[in-house]
Amino acid sequence: MTAAEIVFVLLGVVALAAAVLVVTTRQLVRAALYLVLSFGAIAACFLVLTAELVAWVQVLIYVGAVVVLLLFGIMLTRAPIGPTSDLDSRNRPAAIVVAVATAGVLVTVLVRGFGDAYVDLGEPSTGSASGIGANIFRYWVLPFEILSVLLLAALVGAIVLSRTDIGPPKDGDG
Amino acid sequence: MTLLEIAARLALVVAAFLLLPLLVGQLEHKAMAHMQARLGPMYAGGFHGWAQLIADGVKFAQKEHVVPAEADRKVFSLAPAVALLPYLVVLVVVPVGPGLVAVDLDIGLFFVLAVMSVSVLGSVMAGWSSGNKYALLGGLRSAAQLMAYELPLVLAASSVAMAAGTLSLSGIVETWSPWWLVWQAPAAVIFFVAGLAELHRPPFDMPVADSEIVLGPYTEYTGLRFALFLLAEYAGIVVLCALTTVLFLGGWRGPFADEELGPVWFLIKLFVLAFVVIWLRVSNPRLRADQLQKLAWQVLVPLSLAQLALTGVVKVVMM
């Protein structure tokens, strides 16, 4: 194993352990903080693979925005310090089955599809900002545009849901 | 670059990280005092109270660490480090002169924005783990504020990246030309204002509002940990002013002798901006929560989108 491979495996272990802690800890806010650790380790994995742009986007969007949003939501509703007793529901076995099945499908697809694909770490252009930009806007324009339309639809939907003055006509409105 | 050279550069960054915030803090003591027609610190160290912050540091180090009984101990003691360290990491990629940068990253701009956004987690963690309702309110307010101001900050920065055609901070300074002062002026103002809001500096100090929620997330902190939060605030001012200088004011470029006097020009611009930060604190009342959100979503975001469009049009026409 090369040094890069060893670091990569160690980071993967950290990410996985933090992810397990997210779902097993009984302290709600700590779960979100473990999620930060997991995202950070995944970003570091991207760095080892020389995908710098993806790594820093991961930190900017997930650690900087998504987790802050999560924490905001948890703290706004209830943020007890110490363990919460009613975190587990009776759906636990079903959730474990679904999680294992999803993980199985994803791992199989990845290994079957990309099992013999290797990233040449000596050639830094693929993961750099210009490399990714060229790839997205040359070969992947259509998915990119579809994603932007999807996000726009979600945005409009959120506005419609949150505005009370443009909902369906209430009883008695005529 | 040899290992020794890298070590020397990193040591310089740490020295700047420890020294510049103190200078800004002292500037704030004195400038604010004179704006309010008083003298400020005059005794510590003899000459115009120059050693006041050193004395403060000694005082903080002597104080007892108090952890509230209701607090989440681990998160409570980790929070100051989470708030402070990102600013140290950011300074590593800020170029102060031609070739004078500790690590020249290809996508320095992205790195800086990503790492800076981690820092707010510190005050959210502090706010929650203190087990105090004022602290919790402060933490909530700082999370809401970050989410509102992160977007205009990133949009304003990406306008510069588009104008320069590069994400490297040194590259942006090299392609900078004086007419950007007009072309990118809205982006510069948006970046600076949004940055102030992320640092919780007055008039955006709703999360720490000392007269209503007694310093918000930092209410329960004492001694060195409180000092770390204060240091994070001043280090944040240094980082914000340094970034505004690099992105919008041409970094080390000056009227003459860029090559030789680069760091001098850089520091002059940095301290002028730091003075503006202090000036804004003294001269403006605190914004209310709804005014904060309104300013971000109804003024800064549309303005930054317009700036982005303008940058794109000018760039295409000029090519």
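Per-structure values
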item	result
Spin-label zone in region B:88-116 - amide nitrogen under 18 Å from a point set 7 Å from the Cα of B:GLU174 along the C-beta vector	B:93-110
Linear extension gain, B:LYS59 paired with B:ALA81, 0.36 nm per residue minus alpha-carbon span	5.9 nm
Bins of 10 Å, starting at 0 and running to the largest distance - Cα pair percent for the protein assembly as shown	4, 16, 27, 27, 18, 7, 2, 0, 0
Two-site FRET efficiency, B:MET35 against A:TRP140, from Cβ-Cβ distance with R₀ of 51 Å, rounded to 0.05	0.40
Under the span-like rule (Cα at least 20 Å along the axis, Kyte-Doolittle mean at least 0.5), DSSP H helices of chain A	A:3-24, A:28-48, A:92-114, A:141-162
Residue-averaged 222 nm ellipticity for chain A, from DSSP H runs of 4+ at -39500 (n - 2.57), nearest 500	-22500 deg cm²/dmol
Those residues of region B:181-202 whose amide nitrogen sits under 19 Å from the label point placed on B:ASN284, 7 Å along Cα→Cβ	B:185-202
Size of charge dipole - region B:3-318 - debye, nearest 20, with Cβ of Lys, Arg +1 and Asp, Glu -1, no other charges	560 debye
Anisotropy class of region B:106-251 from Cα gyration tensor, a/c 1.5 cut	prolate
Mean Cα-pair separation over length for chain B, i.e. relative contact order, pairs under 8 Å, 6 or more apart, %	24 percent
Per-residue average of Cβ from other chains inside 10 Å of B:139-152	3
Cα centre as origin, Lys/Arg/Asp/Glu Cβ charges: region B:1-140 dipole, Debye	400 debye
Förster radius 25 Å - calculated FRET efficiency between A:SER148 and B:ALA309, Cβ distance, rounded to 0.05	0.95
Principal axis dimensions, region B:236-319 - Cα atoms, whole angstrom, descending	48, 41, 18
Fluctuation leader among A:TYR139, A:TYR34, A:TYR62 - chain A, Gaussian network, Cα springs under 10 angstrom	A:TYR139
Two-decimal Rg to Rh for chain B - Kirkwood Rh, Cα set	0.97
Ratio of Rg to Rh over region A:32-72 (Cα coordinates, Kirkwood Rh, two decimals)	1.01
Against the rule of thumb 2.2 N^0.38 Å, how large the Cα Rg of chain A comes out	1.34
Cα-Cα separations in region B:87-158 greater than 14 Å, expressed as whole percent	66 percent
Peptide A:27-36 - average C-beta neighbours from other chains (10 Å radius)	3
Acute angle (nearest 10 degrees) that the helix B:108-129 long axis makes with the longest principal axis of chain B, alpha-carbon atoms	20 degrees
Additional length obtainable on full extension of the chain from A:SER130 to A:LEU69, 0.36 nm per residue less Cα span	19.0 nm
Dipole in debye (nearest 20) - chain A, about Cα centre, beta carbon charges: Lys, Arg +1; Asp, Glu -1	500 debye
In nm, spacing of pseudo-spin labels at B:VAL316 and A:LEU21 (7 Å Cα→C-beta vector)	4.9 nm
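Bear in mind that the values in this text are calculations on the coordinates, not laboratory data. The structure presented is a predicted model; accordingly, all values stated were derived computationally and were not measured. With ideal geometry, Cβ positions are generated from the backbone for all residues, glycine too; neighbour counts draw on all protein chains shown.
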